[in-house]
Amino acid sequence: MTTAKPEKPNSSGTQQDVKTSRHAFRYFIVGVLVTGFNYALFAILSNLIIKSNDLIWLSNFIATAVTTIVAYFAHSKITWKERKVTKHSIIRFFIWNAILTVAIAPGFTQLFSLFTPLYEFVYNITSAIYLPFSYEFVLTTGAFVLNSIVIMILNFLFYDKFVFGKKKVAHEK
């Protein structure tokens, strides 16, 4: 019978702090990759297919829905790989992400699209240094980035405590 060795806390924090730091680092790496995928899909939708700033929320909605599936598998296999995935964690993940996709993210994206002085400033700088970005590209990218920061913070807190925070699996060596 194999038992897991308890981890020793380091001198600067507790065992839980170490685990949370490890999860935060892996979450950041996976989050950057998943967000890159989400952005590519969002950019294609908002700049090539939907092409309306009044419907920027729809581009975000579609991209987020597709990316949620990718994110679940990435986080369960990489970020919180030592935690047991149950039907309850899957349900909590998708319910939380449905709330984000339908109610929170589109609202934040639309709100962040209203930061026109910021986007005009960035557009003027990019134009002055001869970068080939349209104002629409700066606006959609800015709204996406600001929205992503808020959503990533909310997701980490929720995932760590309510989705992948239960029933740890003992490491076998």
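Checked against (1) modelled with pLDDT under 85; (2) closer than 18 Å to PHE156 by Cα, ILE56 meets all criteria but (2).
Taken over segment 59-82, the criterion of being charged (D, E, K, R) and modelled with pLDDT of 90 or more is satisfied by LYS77 alone. Between residues in segment 149-173 that are modelled with pLDDT under 90 and residues that are exposed (fewer than 13 other Cβ atoms within 10 Å of the Cβ) and not hydroxyl-bearing (Ser, Thr, Tyr), which pairs lie under 7 Å by C-beta distance while being six or more apart or on different chains? Short answer, once both residue conditions are applied: ALA170/ALA4; HIS171/ALA4.
Do we find that THR20 is closer than 13 Å to ASN155 by Cα, modelled with pLDDT under 80 and not charged (D, E, K, R) in this structure?
Numbers: closer than 13 Å to ASN155 by Cα: no; modelled with pLDDT under 80: yes; not charged (D, E, K, R): yes.
It is false that THR20 is closer than 13 Å to ASN155 by Cα, modelled with pLDDT under 80 and not charged (D, E, K, R).
The values are calculated or read from the model by the stated rules, or taken from the named source; none is laboratory data. None of these values were measured; they are calculated from a predicted model. A quick note on method: Cβ atoms are made from the backbone with ideal geometry, for glycine too, and the neighbour counts reach across all protein chains shown.
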